[in-house]
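Take a look at the structure set out below.
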Ligand code: ADP
């Protein structure tokens, strides 16, 4: 029987060579499944060489269905082809090779027959589909990504002709895939941006990517969409650039968010500006002008104005204070807003009035003589008015804004302005208070000046009479001591009045100085000697580090400073028994120090003690003083271009020092 059979197992040498040279994997089995011939390609596929006449059905004995289920060897395509006598070609199997790798194979097992039509064997061609399957699944994933992407993904050739268009592109630009493919990309480029395409194509041709390029594209209905484009070159298998793929992200929301943010930042900056102006300023004019200017800008009004709430006998409000966006004359010729239905709510402090078109408002146009806006008035259609109320609820005035177009002011403007007017009102209150205080202060200074001047004259006569009286008494008259004491008290009083007068002169800038050349060491000797008489509990110790320092200064005023510092040193060190005074040369100045070992001054008080009438509170009750000595001394030294200051430690003492340029 077998001599009739012809099958590849009995191939002649040239036939065997032919089989071997085939790039596809082929092998044959005899009618009972033993491998009878095979080529090199199948050995490579299986990863092992079968044994002719021994290996049965396949050179790989570990096979699986594509779903991973094991495929028994006797059920493999070759076995089934032999058994059924029919070709088995419609399945895919997975083979596990000796090295552990898996390959996907499509077998082609075809039986052949002997002359009596009985199955004599079969030939199996195995096609390796591992790579193609992977590629196919990759392509499928990619296609799914492209289809489901929220970003428009478009590809075009180097001529700019669109050759793919995903669903997001349809949604974004409004053209269907059929409408877009074959069209030029300028289909979606706005007219004024056509040159962008040349730039993009040039970059692509040179192999460069264009990344996150923010621009505008046009939809089918002509709408402009802000997009961020990333364009990459598309290459063929040989790496030649054949086109470009373009991913477009709709950044409308991003742009809107950016705009809102920018808007907020700008407004915040403006509001900050107002905060600065109103908190730093005490000048009503400046505050109102800034607030009017800034809020006019903030609301986008064509012009804005602040009107002061001054009432005349008819209860009408008037007085234009500041104006922004128009010259003052634009209003002056029309008179001030009167007690009309439109203006009244603002001047009565009844809240914000915002009207999209004031000319259509029922409150508008009822009052003679103009019945609406006077002829030539700046055109107002959009109208916004905000009352400015003081802390006490008094209406200080109103901010008014106008625009020649309707619907320009929004609820957001109202909100912003309500914050601004609160700040403005506080600033106006402060400015008003400051004005009142400055006025009272000036009055007080005037009074001090006048009073000390008036007190001085009778005091001088009193002192004169006392001296005459004293001269008339004999040396051992017991009244002489009383007169002396009375003269001493009068001297004290006139020194105090003199100080008050000095304060008033400093305030009015009329403190006179008479400059002469003198030796400050000598002056210090004299002052120390003189003061030692009255300083009974303290020893005044003077140290001159140089024999002489000539200065050009007002001798009397410098003496006044030294006297004041030394008497303070004695006064504020009741428990101590000495005061050191020293003079030296320092940086071209005469440097004088007065050191006591008394109560000292707390750090936070040290700068304040040089201000007018300031006294450290705890001391004010039991140590007498007016709090003006240091103020006058500092002024005298700075008028000499010198410096006076203190170094002190509470509980240990203080050193007051001054430098006087030579
Ligand atoms: P007065 O001594 O009349 O109060 P001054 O202007 O001379 O006014 O001084 C202002 C304040 O500075 C004093 O009230 C006192 O609190 C403080 N002061 C001045 N000199 C000294 C000092 N040597 N030691 C401690 N405190 C001093």
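Just name the residue that is nearest to residue 512 (Cα to Cα) out of those in the range 608-621 that are more than 6 Å from the ligand (Cβ to nearest atom) and out of contact with any helix residue (DSSP H, G or I) (no Cβ under 7 Å at 6 or more places or on another chain).
Once the filter is applied, the top-ranked residue is 613.
Tell me, which residue of the range 81-90 that is in contact (Cβ under 8 Å) with a residue 24 or more places away in the chain and in contact with a helix residue (DSSP H, G or I) (Cβ under 9 Å, 6 or more places away or on another chain) is surrounded by the fewest Cβ atoms within 10 Å (Cβ to Cβ)?
86
I'm trying to understand the selection: among the residues of the range 561-580, which are within 55 Å of the chain's Cα centre (by Cα) and in contact (Cβ under 8 Å) with a residue 60 or more places away in the chain?
Selection gives 561, 564, 565, 568, 569, 572, 573.
Only one residue in 624, 654, 633 is more than 49 Å from the chain's Cα centre (by Cα) and either near the ligand (Cβ under 8 Å from one of its atoms) or part of a strand (DSSP E or B) (or both). Which one? Let's see the steps before the verdict.
On the way: 654 fails: more than 49 Å from the chain's Cα centre (by Cα); 633 fails: more than 49 Å from the chain's Cα centre (by Cα).
The match here is 624.
Are any residues in the range 117-132 under 18 Å from residue 93 (Cα atoms) and outside any strand (DSSP E or B), and if so, which ones?
129, 130, 131, 132
Before we move on, is residue 538 more than 11 Å from the ligand (Cβ to nearest atom), modelled with pLDDT of 95 or more, crowded, with 17+ Cβ neighbours inside 10 Å and within 25 Å of residue 511 (Cα to Cα)?
No, not satisfied.
Please find, among 168, 180, the residue that is touching a helix residue (DSSP H, G or I) at 6+ places or on another chain (Cβ under 9 Å), crowded, with 17+ Cβ neighbours inside 10 Å and in contact (Cβ under 8 Å) with a residue 24 or more places away in the chain.
Matching residue, one of 168, 180: 180.
Filtering the range 96-116 down to residues that are assigned to a loop (DSSP other than H, G, I, E, B) and in contact with a strand residue (DSSP E or B) (Cβ under 8 Å, 6 or more places away or on another chain), which residue is farthest from residue 66 (Cα to Cα)?
Step one: list which residues in the range 96-116 are assigned to a loop (DSSP other than H, G, I, E, B), which gives 97-101, 114-116.
Those left that are additionally in contact with a strand residue (DSSP E or B) (Cβ under 8 Å, 6 or more places away or on another chain): 97, 114.
Details: 97: 15, 114: 34 Å.
Ranking the qualifying residues of the range 96-116, first place goes to 114.
When you look at residue 339, is it at pLDDT 70 or above and over 21 Å from residue 416 (Cα atoms), yes or no? I'd like the intermediate steps shown before the answer.
Numbers: at pLDDT 70 or above: no; over 21 Å from residue 416 (Cα atoms): yes.
No.
Could we say that residue 551 is within 13 Å of the ligand (Cβ to nearest atom), in contact (Cβ under 8 Å) with a residue 40 or more places away in the chain, surrounded by 14 or more Cβ atoms within 10 Å (Cβ to Cβ) and within 30 Å of residue 514 (Cα to Cα) here? Steps first, answer last, please.
On the way: within 13 Å of the ligand (Cβ to nearest atom): no; in contact (Cβ under 8 Å) with a residue 40 or more places away in the chain: yes; surrounded by 14 or more Cβ atoms within 10 Å (Cβ to Cβ): yes; within 30 Å of residue 514 (Cα to Cα): yes.
Considered against the rule, which asks whether it is within 13 Å of the ligand (Cβ to nearest atom), in contact (Cβ under 8 Å) with a residue 40 or more places away in the chain, surrounded by 14 or more Cβ atoms within 10 Å (Cβ to Cβ) and within 30 Å of residue 514 (Cα to Cα), residue 551 comes out as no.
Regarding residue 297, is this residue in contact with a helix residue (DSSP H, G or I) (Cβ under 9 Å, 6 or more places away or on another chain) and without any contact (Cβ under 8 Å) to a residue 12 or more places away in the chain?
no
For the range 522-534, indicate whether the set of residues that are over 56 Å from the mean Cα position of the chain (by Cα) and within 15 Å of the ligand (Cβ to nearest atom) is non-empty.
yes
Out of all the residues in the range 637-648, which are touching a helix residue (DSSP H, G or I) at 6+ places or on another chain (Cβ under 9 Å) and either without any contact (Cβ under 8 Å) to a residue 40 or more places away in the chain or within 11 Å of the ligand (Cβ to nearest atom) (or both)?
643, 645, 646, 647, 648
Tell me whether the range 134-148 contains one or more residues that are out of contact with any strand residue (DSSP E or B) (no Cβ under 6 Å at 6 or more places or on another chain), exposed (fewer than 11 other Cβ atoms within 10 Å of the Cβ), under 24 Å from residue 19 (Cα atoms) and at pLDDT below 90.
So far as the range 134-148 goes, no, none of its residues is out of contact with any strand residue (DSSP E or B) (no Cβ under 6 Å at 6 or more places or on another chain), exposed (fewer than 11 other Cβ atoms within 10 Å of the Cβ), under 24 Å from residue 19 (Cα atoms) and at pLDDT below 90.
Residues 630, 619: which one is at pLDDT 95 or above and out of contact with any strand residue (DSSP E or B) (no Cβ under 6 Å at 6 or more places or on another chain)?
Matching residue, one of 630, 619: 630.
Pairs please, first residue from the range 341-359 and touching a residue at least 60 places away in the same chain (Cβ under 8 Å), second anywhere and in a loop (DSSP other than H, G, I, E, B), Cβ atoms under 7 Å, 6+ apart in sequence or on different chains.
Short answer, once both residue conditions are applied: 354/409.
So residue 386 passes all but one of these: (1) in contact with a helix residue (DSSP H, G or I) (Cβ under 6 Å, 6 or more places away or on another chain); (2) part of a helix (DSSP H, G or I). Which condition number does it fail?
(2)
Taking interchain pairs and intrachain pairs at least six residues apart, which have beta carbon atoms under 6 angstrom, with the first residue in the range 621-636 and over 18 Å from residue 606 (Cα atoms) and the second more than 8 Å from the ligand (Cβ to nearest atom)?
636/557; 636/561
Out of everything in the range 586-607 that is away from the ligand (no atom under 13 Å from the Cβ) and touching a strand residue (DSSP E or B) at 6+ places or on another chain (Cβ under 7 Å), what residue ends up being farthest from residue 626 (Cα to Cα)?
Across the range 586-607, the extreme among qualifying residues is 588.
Got a number for residues in the range 435-452 being over 41 Å from the mean Cα position of the chain (by Cα) and either farther than 23 Å from residue 284 by Cβ or in contact (Cβ under 8 Å) with a residue 24 or more places away in the chain (or both)?
8
The values are calculated or read from the model by the stated rules, or taken from the named source; none is laboratory data. In this text the structure is predicted, and so the values were computed from the model without any measurement. Virtual Cβ from ideal backbone geometry, glycine too; neighbours counted across all protein chains shown.
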